[in-house]
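Readers should treat all values here as calculations from the given coordinates under stated rules, not as data from a laboratory. Everything numeric in this text was worked out from a predicted model, so none of it was measured. FYI the Cβ positions are ideal-geometry reconstructions off the backbone, even for glycines, and counts take in every protein chain you see.
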Amino acid sequence: MNIITTKNVNAYYGDNHVLKDITLEIEQNSVTAFIGPSGCGKSTFLRTLNRMNDYIDGFRKEGDIIIDGSDIYDKSIRVEELRQKVGMVFQKPNPFPKTIFENVAYGLKIQGEKDKSKIAHVVEESLKNSALWDEVKENLNKSALSLSGGQQQRLCIARTLAVQPSIILMDEPASALDPISTAKIEELIAQLKEDYTIVIVTHNMQQASRISDKTAFFYMGDMIEYDKTKDIFTHPKNERTENYITGRFG
Amino acid sequence: MSNLDPELEALKHNLVDMLALVNSQLSKCKEATLNEDLNLAKEVVSREKRVNALDLAIDKDCENILALYTPVATDLRFVLASLKISNDLERIGDNAEGIAGLLIHVMEKATEEMVSKFKLNEMFDVTISMLSDMEEAVENEDTALARQIFAKDEFLNENNRNADSIAKELILQYPDNIKLILKLFSIVRKLERVGDLAKNIGEEVIFHIEAKVLKHKKDQKKKKK
């Protein structure tokens with residue numbers, strides 16, 4: 001079943017046409033990777049999926065983006081609810097300057113949850129589901145900023161999970177991390193796929209080939225090719241895709 | 001141009017060298033068979049070491065490329081195809097050495113009639129031309145040329161099927177020459193095997209360039225038409 005459908009999506013920063021006619025479908029409980037050279041539009045497209053581009057001056061979108069049956073740019077949509085459902089993890093870990101516990105509980109509290117035992121339960125479950133619980137369970141009141149980079153990123157994932165999204169967007173989530181932390185994030189993504197739909201932007205093609213079910217290759221605002229990851233990396237249909245993934249340009 | 005290109009060029013160079021070497025082994029086998037040339041047969045046996053050395057060098061090239069460069073798409077297919085091609089060439093080399101061994105073991109000159117009935121001249125020529133074609137196909141990434149191999153292999157298979165009855169006929173006719181006739185019969189078998197292995201190489205060239213898997217399929221017959 002497709003949970004995300006985009007039809008003829010075009011996007012502009014002022015006069016700059018940055019996304020051109022992007023049409024694709026993303027299946028539920030899958031991992032989809034967006035790859036392409038810098039400036040190709042992959043992060044812009046990722047941000048259209050939870051309207052993070054709304055804050056950018058001069059940004060304009062055309063076309064339809066349907067998530068779970070609803071047009072997310074419809075006037076009736078509350079953006080806060082959309083971003084609860086479609087969570088985002090960024091390249092640089094960005095924990096709040098609060099305790100580990102408060103970071104994960106924050107989303108629940110601003111939603112109005114007051115039941116302390118429920119909050120504690122959700123915090124524990126979220127930290128378990130982001131493979132961080134065992135490392136922090138004795139120190140939930142420590143500052144999140146005292147964690148390592150890899151731990152901070154998993155904390156950000158836990159924070160996203162706490163508000164029960166159905167989709168998680170990840171913009172180069174491991175690019176600032178060491179290889180061991182990267183491996184842990186990738187292992188986590190493989191586990192999260194069972195319960196969530198994940199869309200990940202990555203510059204690391206080996207990462208894309210390791211963790212994703214489908215891969216979309218972007219170039220200068222166009223989506224050049226979108227197919228099963230194993231087909232993209234064994235016999236891509238488009239010569240530009242072949243040239244990019246073999247390192248002959250980009 | 002990527003960092004991988006020089007490695008791929010070096011690998012292709014080794015493959016082409018191995019094809020040329022194995023081809024020359026077969027040419028020497030042909031000459032040794034038709035002219036009862038013991039020295040040439042011994043040369044084939046001693047040069048088999050070079051075939052094996054190239055096989056090992058190609059294995060190492062491929063291992064390094066896979067470990068260091070994580071190739072994908074056409075580059076990956078080329079490395080996988082190279083591993084299989086060198087394996088087939090090594091076995092062709094074994095067959096050439098086997099033919100030379102037979103010549104050394106049974107030192108009798110084949111009569112023109114026996115050579116003609118077994119079509120040995122033609123079989124050698126066809127296998128040598130198959131390997132020449134594959135050398136060019138690998139060098140120039142030419143899948144049209146690679147596809148020509150399938151018809152040639154059919155000729156070898158047909159001849160091999162007839163070899164039983166030809167051998168029986170000759171043994172009845174020349175009962176004092178059983179050893180010689182069986183030697184020639186074994187050479188026919190080995191050349192048919194060389195044809196199968198050369199055909200595998202054609203399939204691997206097509207896999208590398210077109211990402212099509214032809215082995216175990218009859219697709220090559222449709223393309224030929």
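Using +1 at the C-beta of Lys and Arg and -1 at the C-beta of Asp and Glu, which of A:Ile26, A:Ala208, A:Ala176 has the Cα lying farthest in the positive direction of the dipole of the range A:2-245?
Highest projection toward the positive end goes to A:Ala176.
Tell me which aspartates and glutamates have Cα within less than 12 Å of A:Lys137's Cα, excluding those fewer than 8 residues away on the same chain?
Within the straight-line cut-off, A:Lys137 pairs with A:Glu124, A:Glu125.
Under a cut-off of 17 Å between alpha-carbon atoms, report the aspartates and glutamates in cross-link reach of B:Lys109, not counting same-chain residues fewer than 8 places apart.
Result set, ordered by chain and number: B:Glu31, B:Glu36, B:Asp37, B:Asp176.
For the pairs B:Lys60/B:Lys117; B:Lys60/B:Lys179; A:Lys7/A:Lys98; A:Lys128/A:Lys237; A:Lys42/A:Lys184, flag any whose C-alpha to C-alpha distance is greater than 32 Å.
Beyond 32 Å: B:Lys60/B:Lys117; B:Lys60/B:Lys179; A:Lys7/A:Lys98; A:Lys128/A:Lys237.
Would you calculate, for chain A, the mean residue ellipticity at 222 nm contributed by helices, counting each DSSP H stretch of 4 or more residues as -39,500 (n - 2.57) and dividing by all residues, to the nearest 500?
Rounded to the nearest 500, it is -10500 deg cm²/dmol.
What is the distance, in nm, between label points placed 7 Å from the Cα along the Cα-to-Cβ direction at B:Lys42 and at A:Lys142?
Taking the two extended label points, one gets 7.9 nm.
Kirkwood-based Rg over Rh for the range A:142-250 (C-alpha set), two decimals?
Computed over Cα atoms, the ratio is 1.02.
Assuming a viscosity of 1.306 mPa s and a temperature of 10 °C, what translational diffusion coefficient in µm² per second does Stokes-Einstein assign to the range A:19-80, Rh being the Kirkwood radius over Cα pairs?
121
For a distance above 19 Å, tell me the whole-number percent of Cα pairs in the range A:72-153 that qualify.
Value for the range A:72-153: 42 percent of Cα pairs lie more than 19 Å apart.
For a Förster distance of 22 Å, can you work out the FRET efficiency between the beta-carbons of B:Asp17 and B:Leu66, rounded to the nearest 0.05?
With R0 = 22 Å, the Cβ-Cβ based efficiency is 0.60.
Which Rg and Dmax, in Å, describe the Cα atoms of the range A:176-231?
Rg and Dmax of the range A:176-231, Cα atoms, are 12.2, 34 Å.
Between B:Glu158 and A:Gln111, what is the label-point separation in nm under the 7 Å Cα-to-beta-carbon projection?
That separation, rounded to one decimal, is 7.6 nm.
Ratio of chain A's C-alpha Rg to 2.2 N^0.38 Å, to two decimals?
Taking N as the residue count of chain A, the ratio is 1.02.
For the range B:38-48, what does the Karplus curve 6.51 cos²θ - 1.76 cosθ + 1.60, with θ = phi - 60°, yield as ³J(HN,Hα) per residue in whole Hz, taken in order and with x for Gly and Pro?
Coupling constants for the range B:38-48: 5, 5, 5, 4, 5, 5, 4, 4, 6, 7, 4 Hz.
Just grab the label-to-label distance for A:Arg210 and A:His17, each label 7 Å out from Cα along the Cβ direction, in nm (one decimal).
Each label point is offset 7 Å from its Cα along the Cβ direction, giving 3.8 nm.
If the cut-off is a Cα-Cα distance under 16 Å, which lysines reach B:Lys217, setting aside same-chain residues fewer than 8 apart in sequence?
B:Lys199, B:Lys225
Considering Cα pairs under 8 angstrom that are at least six residues apart, work out the relative contact order of chain B and quote it in whole percent.
27
Count charges around A:Lys137 for me, please; just the other residues with Cβ under 10 Å from its Cβ, Lys/Arg as +1, Asp/Glu as -1.
-3
Round to the nearest 0.05 the FRET efficiency obtained for A:Ser76 and A:Glu125 when R0 = 25 Å and r is the Cβ-Cβ distance.
Calculated transfer efficiency: 0.20.
Using only helices, what value at 222 nm comes out for chain B when you add -39,500 (n - 2.57) per DSSP H run of length 4 or more and divide by the total residues, to the nearest 500 deg cm²/dmol?
Helices in chain B give a 222 nm mean residue ellipticity of -30000 deg cm²/dmol.
From the P(r) of the range A:27-134, could you give the percentage of C-alpha pairs in the tail past 24 Å?
When all Cα pairs of the range A:27-134 are counted, 40 percent exceed 24 Å.
Report, please, the projected area of chain B averaged over directions, based on the convex hull of its C-alpha atoms, in nm².
Taking the Cα atoms of chain B, their convex hull projects to 12.4 nm² on average.
When you have a sec, figure out the Kirkwood radius of the protein assembly as shown from all distinct Cα pair distances and drop it here in Å to one decimal?
For the protein assembly as shown, the Kirkwood estimate is 26.8 Å.
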